[in-house]
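Just so you know, all these numbers are worked out from the coordinates, no wet-lab data involved. Everything numeric in this text was worked out from a predicted model, so none of it was measured. Every residue, glycine as well, gets a Cβ built from its backbone with ideal geometry; the counts of neighbours run over all protein chains shown.
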Amino acid sequence: MSVTIQFQDVLKKYGETTVIPGLSLEVKEGEFFTLLGPSGCGKTTLLRMVAGFNSIEGGDIRFNGKRINDLPPGKRNIGMVFQNYAIFPHMNVQHNIAFGLTNRHIPKEEIEKKVEKILSTVQIQEYKNRMPEHLSGGQQQRVALARAIVIEPDVLLMDEPLSNLDAKLRIDMRNAIKEIQNNIHITTIYVTHDQEEAMAVSDRIAIMDKGIIQHIGNPREIYRRPANLFVATFIGHTNILDGTLSQGKLSIGSYTEKTEIEINKGEIPVKVSIRPEEFYISDDKQGLAGTIINSVFLGLNTHYFISLEQGTRIEFVDQSGSDNIYKSGEKVLLKIHTKRINIFDKNGEHNLSTKTGGMI
Ligand SMILES: Nc1ncnc2c1ncn2[C@@H]1O[C@H](COP(=O)(O)OP(=O)(O)OP(=O)(O)O)[C@@H](O)[C@H]1O
Ligand SMILES: [Mg+2]
């Protein structure tokens, strides 16, 4: 059975230090939910509270409405996968996987059946008699995953399960994890500080900073309409420029564009977040003036590093497929796709662009 997980005003303190000051969120049944944030923001702390390895200083955590704050870890029916695989070195693969079942006094034939099934789910049948030391990192992580899901947990918790693997294997394994989670449909909380990994695997992501959730949404929403400047800069690449906003008009230096954002004051200073793909080279006389510093041709597109006249350095990705490569030293005028960019108040706390409504 898979469950809904509710966090209500959840508080975590280590001694006098508050690490999570009161967090509320709901993870839906069967959802692949990711906690994403910089090192030290409280991801592992929160996950351990769900698992029962950390005390909860305030608020409630519920599985399908049932409060679990005081339930011992062993009674929560949770499967866990960590960064260091934590598989037993003295047991072969199938014994490692069977461990949780043997502990639950399940009949031998049934254990064998379940282990066979999981071996095939995570695609390691051929290694079932091998000892862990003769497995690659990715294979060991599949064993750890198999061991976590063979007990048919209500909740699957994963804390940076891929961070010990090399770059290529990380991508293979993240696809495998996503596919397996999709098939078994267990409510999953996944922790990572790798934003690309989070985007690739998650149904929804919570971006955390200093124990506080900054934004919850699906990967597309978070990328396109980040709630604040922290989220905009944490997810993907972006360029931040200072500008001013007046009724229907955005100005960056002497460059102005129409916008649909309405404001009641005359003119306010803003931070403008423009992703590299949200610029284009202007062929009329208007735009942000800059000089090409460097270009990198990547086949699918070309990345340009440009020094703007006002002094800021920006990155622009030309996705037009044009054969025209601009050379270092060349002067260009850049315009922006105003419907796609995000405009924040000067402190970066609120996204003013969301007021225009709708996704693009
Ligand atoms: N047992 C503990 N006692 C005191 N402080 C702790 C303890 N465990 C963690 N902390 C502190 O709580 C904060 C959150 O730590 P946590 O391990 O949850 O971060 P994280 O988001 O998982 O980071 P990372 O990405 O580096 O794993 C940090 O400031 C950390 O120093
Ligand atoms: Mg951690």
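On C-alpha positions alone, give me the angle between the axis of helix 108-121 and the longest principal axis of the chain, in degrees, nearest 10. So the inclination is approximately 20 degrees. Fully extending the segment from residue 194 to residue 29, taken as 0.36 nm per residue of separation minus the present Cα-Cα distance, adds 57.0 nm.
What is the gain in length, in nm to one decimal, between residue 284 and residue 105 on full extension, counting 0.36 nm per residue of separation less the C-alpha to C-alpha distance?
Details: separation 179, 0.36 × 179 = 64.44 nm, distance 7.61 nm.
Gain on stretching residue 284 to residue 105: 56.8 nm.
Modelled this way, with points 7 Å down the Cα-to-C-beta line, the labels at residue 95 and residue 301 are 5.2 nm from one another.
Report the full-extension gain for the segment residue 350 to residue 294: residue separation times 0.36 nm, less the Cα-Cα distance, to one decimal in nm. Don't jump to the answer; show the numbers that get you there.
On the way: separation 56, 0.36 × 56 = 20.16 nm, distance 3.32 nm.
Result for the pair: 16.8 nm of gain on full extension.
For the chain, how big is the tail of P(r) above 38 Å, as a whole percent of Cα pairs? Distances greater than 38 Å cover 32 percent of the Cα pairs.
Counted by Cβ distance under 15 Å from residue 236, the other residues give a net charge of -2, where Lys and Arg count +1 and Asp and Glu count -1.
Computed on the Cα atoms alone, the convex hull of region 237-355 gives a volume of 105 cubic angstrom per residue. Using the Cβ-Cβ distance between residue 262 and residue 84 with R0 = 51 Å, the FRET efficiency computed as 1/(1 + (r/R0)^6) comes to roughly 0.45.
Taking Cα atoms only, the orientation of helix 93-103 departs from the longest principal axis of the chain by about 70 degrees.
Sorted ascending by nearby beta carbons within 10 Å, beginning with the fewest, 127, 280, 304 become 280, 127, 304. For the chain, the share of DSSP beta bridges that are antiparallel, to the nearest 5, is 75%.
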